[in-house]
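In what follows, a structure is listed as structure tokens, so that the remarks can point back to it.
Since every read-out is calculated from the coordinates, none of them should be taken as a lab result. Note that this is a predicted model, so its numbers are computed, not measured. Here the Cβ is made from the backbone with ideal geometry for all residues, glycine too, and neighbour counts use every protein chain on show.
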């Protein structure tokens, strides 16, 4: 049965349960028998519903869309208790779904982390770090954990260890750059106890000076365990503050239009111990995201035991529309973990990979657990597919939604093998942060197909998009959407030819409707359609008409989850629920917020001073103050005089 027909059948059943006329699901003009709770009108709705791609208004009842249509069709349905919101002509899209992120772990730490996501220069980043070091009491650390790249900075470099030590002589500082390296100041080296006598761990290096003393640079060669094990040595927040931290992280995602996530687990994220915070928020009715979670094995060489144990505790789909189990992964066995660090040679997986992986996959198929598997390189994917095909021959997968994560260098042959086995591929915008490093090692032609999204779609493979936040890329979905549409890195490098870049509608589908396959929730959400969950976003600018280089700067003015406001700004701020101030009082979130943008900077006195450092007397007539947008244009931006002459603008002459 075609997916569209399945969605229509699901819709009709839902409408019957809600007491609404089934004709509302089948006709173009939605009608209702009962009074809606909410009507939104005055918007330009992109529904992603083939039966009605555009709309002017929607009605919501009991958390689902009860009608979608014109204002003339919807507004007369309002009753005495119906809340009516005028969207003022804003573009409205379905709530965004991140199919690969780490919200559960990220929420526990969000209030402790200084975010360099989106910060335009190293000078600004270091000024933020210096101020945060002054605010942070012992024994706490200043942590910058992923979400940035040196290529985003005007200086095109990372800070030196001398600069970090000068900015924070006494407060421990830990800076994580992707899967590649961590920078620790002298205070952090003392805190973690690394000395000349500390041996290098397997797959990692503690860089040393001529006297054998640690310098503060930790390098993954290529295993990132040294980086994450070191980070785990830092202080943790108390449980009550972790609750506050997770709420602020969810609110930050709501601010950017995210309403659902699939959590891919993570190292040092044990089940059920490290899920107590998110489960309490769920029990207390304080989740502002829908969350499906995968379980990530924690014990090398004991992976099978992990999944056997968890199989007796929880089943896929267990939970509700806000919080539910989603299967295994993204780590299935440690011997198959090919961390991507494009500054290092491709890692060769050990000979025992297949022997480790096969019993785990057999166990998952037996207990009917969907799974996801981290795999960066085609060589790893080939060997995993050999195992999957072997298992499927005598234990048929029969509709299990299994998929690979990442797949930057996957070959056409392996895409077709995935299609034949009924699998999918979840892609993330890691190349947005590492394209320059990838090109330096593998060349520009290889980068043009890393990952080959258009080829995946042509093969009929389910494809969804996500971030892999927060330790690698930023959690900001608009960075990913910009990457999908423009094919550019944060440093301005054009990676992809036109055939590999996605249309705005296709990119949006990868972030909404397409992602429902990865959590087995097709027909439930992802579209603005009668019967689906009423998750939507009214944007601060029109995604479909703004210049490509402004996509990255889009934010939400209003975000709804199940018809309830979870984020609002400007005229909608009065509708948004209050959240207690970020705790503890020294939290970087209090001083700097999350993802850096001109909009958020204007609301923060210190960030406003950072924004003012562009030295523009007023907003540039071409770019406003979003100078990184200028860097992504096909213009001679490396030469200030030529750039100024080309665009009549001094953005890069300052």
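Roughly how compact is segment 435-520, stated as its Cα Rg over 2.2 N^0.38 Å to two decimals?
Values: Rg = 13.0 Å, N = 86, 2.2 N^0.38 = 12.0 Å.
My calculation over the Cα atoms of segment 435-520 gives 1.09.
Per residue Cα convex hull volume for the chain, in cubic angstrom? Walk me through the numbers on the way to the answer.
Values: hull volume 101.7 nm³, N = 654.
That works out to 155 Å³ per residue.
Expressed as a whole number of Å, what is the distance separating the alpha-carbon centroids of segment 76-120 and segment 454-498?
After rounding, the separation between the Cα centres reads 20 Å.
With the cut-off at 1.5 for a/c, could you classify segment 54-210 from its C-alpha gyration tensor as rounded, prolate or oblate?
Since a/c reaches 1.5 and a/b is larger than b/c, the shape of segment 54-210 is classed as prolate.
Mean projection of the alpha-carbon convex hull of segment 239-522 over all orientations, in nm²?
Numbers: hull surface 57.1 nm².
Orientation-averaged projected area of the Cα hull: 14.3 nm².
Could you check what % of the DSSP bridge pairs in the chain are antiparallel, to the nearest 5?
Numbers: 37 of 74 bridges.
Here the antiparallel bridges make up roughly 50 percent for the chain.
So, in Å, what gap is there between the alpha-carbon centers of segment 392-417 and segment 205-239?
Using only Cα atoms to place each centre, the spacing works out to 35 Å.
In what sequence, highest mean first, do 430-442, 228-240, 336-348 appear when ranked by Cβ atoms within 10 angstrom? Provide the component values of the computation, followed by the final result.
Details: 430-442: 22.2, 228-240: 15.0, 336-348: 19.8.
Sorting 430-442, 228-240, 336-348 by mean packing, highest first, produces 430-442, 336-348, 228-240.
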